[in-house]
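Working notes for the structure below.
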Amino acid sequence: MSPFLFIILGGFLAWATVYAVGFRKLRWAEFILGLVAFLLAMIIQNPVQQLPLMGMGITSNKDVVARGTGFMVIVAVWLGLAAGIIQEGIKYYLVRERKLREAVFVGLGFGVTEAVVIAVAKVLPVVLKGGSVEVPLLSALLSMAERYFATLFHVGTAVFLAYSAKQGFGKRGLIYMIGLHTIIDSGAAYFQLAFFMKPRPYHTLNFLAYFLEVVAAVIGIVVFAYGVLKALEEPEDEEKPIW
């Protein structure tokens with residue numbers, strides 16, 4: 001079972017959820033803005049995350065694992081924190097003066113683009129080398145669920161950031177969202193690093209995979225629900241978005 005379509009499907013299921021809860025009017029300008037925001041975040045994020053590690057002579061995950069569990073935890077937290085600061089910082093800058101309904105689609109564009117990019121990044125290198133990308137159905141479903149909740153999370157955080165800015169606690173709201181993002185991404189980073197441990201702790205990895213999925217799901221749903229309720233309170237209008 002190829003994970004490619006499942007990963008993308010997770011993002012589009014989140015889009016269907018956004019539509020189902022009441023956001024019938026598609027705001028393409030904001031969606032595209034979210035797409036651009038994700039690409040910009042990746043351009044900035046990757047060097048910010050990697051340059052300090054390269055300065056320590058670390059060029060691969062195996063190098064991180066070789067320095068022990070404590071160092072793995074530190075690196076995982078750093079990767080998660082850098083991702084949180086950059087991604088949520090860019091979202092905050094783009095939505096802080098926007099209406100909440102507009103922020104919904106900035107977050108949606110961000111999350112759906114992330115799903116597509118992750119799907120391509122996982123499959124394309126293997127295909128180009130002539131390898132197989134087949135995975136068990138359960139793994140494919142987990143990948144779909146991960147992207148679904150991650151996309152809901154991006155929608156929720158975008159709305160929360162816009163709401164907090166309007167209510168006068170924008171910077172504090174940004175710190176909250178950076179904290180939640182750090183928790184999710186740090187766990188995912190540690191999980192990926194643990195795959196390079198020898199011997200590989202299969203039972204621990206299986207437990208961690210399900211645990212992280214539950215944590216991401218709970219955070220994603222709570223943040224999304226909060227954001228959606230605030231955005232739905234805002235009356236719909238016919239104004240064109242201001243770029």
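The values are calculated or read from the model by the stated rules, or taken from the named source; none is laboratory data. The model shown is predicted, which means the values in this text are computed figures rather than measured ones. FYI the Cβ positions are ideal-geometry reconstructions off the backbone, even for glycines, and counts take in every protein chain you see. Ligands, DNA and RNA are stripped out before the accessible areas are found, and what is left, the full protein with its side chains, is counted by its heavy atoms. Shrake-Rupley method; radii C 1.70, N 1.55, O 1.52, S 1.80 Å.
Magnitude of the charge dipole for the chain, about its Cα centre and with charges confined to Cβ atoms of Lys, Arg (+1) and Asp, Glu (-1), is about 380 debye. Taking only protein heavy atoms and a 1.4 Å probe, the accessible area of the stretch 3-233 is 72% carbon and sulfur. On full extension, the segment bounded by residue 233 and residue 207 gains 5.4 nm, given 0.36 nm per residue less the C-alpha separation. Normalised by the number of residues in the stretch 42-146, the mean separation of alpha-carbon contacts (under 8 Å, six or more apart) gives a relative contact order of 17 percent. Sequence-distant contacts, meaning Cα pairs under 8 Å at least 6 residues apart, place the relative contact order of the chain at 33 percent. Along the stretch 141-146 the Karplus relation, 6.51 cos²θ - 1.76 cosθ + 1.60 evaluated at θ = phi - 60°, assigns HN-Hα couplings of 5, 5, 5, 5, 5, 4 Hz to successive residues, with x for each Gly and Pro. Residues whose amide H comes within less than 5 Å of that of residue 2, counting only those at least five positions distant or on another chain, are 135 (H built at 1.01 Å from N in the peptide plane). Under 20 Å from a label point set 7 Å out along the Cα-to-Cβ vector of residue 127, the amide N atoms of the stretch 7-48 belong to 7-13.
Modelled spin-label separation between residue 214 and residue 1, with each label point placed 7 Å from Cα along the Cα-to-Cβ direction: 2.1 nm. Computed from Cα positions, the angle between helix 170-194 and the longest principal axis of the chain comes to roughly 30 degrees.
Dipole orientation for the chain: of the candidates 78, 41, 110, 78 has the Cα lying most toward the positive pole (charges on Cβ; Lys, Arg +1; Asp, Glu -1).
Structure note, pairs 25/171; 25/166; 99/166; 166/230; 91/122: Cα-Cα distances above 18 angstrom occur for 25/171; 25/166; 91/122. The C-alpha atoms of the chain define a longest principal axis, and helix 28-55 lies at about 30 degrees to it.
As I understand it, the value is the acute angle between the Cα axis of helix 3-20 and the longest principal axis of the Cα atoms of the chain; what does it come to in degrees, rounded to 10? For 3-20 against the chain, the angle is about 20 degrees.
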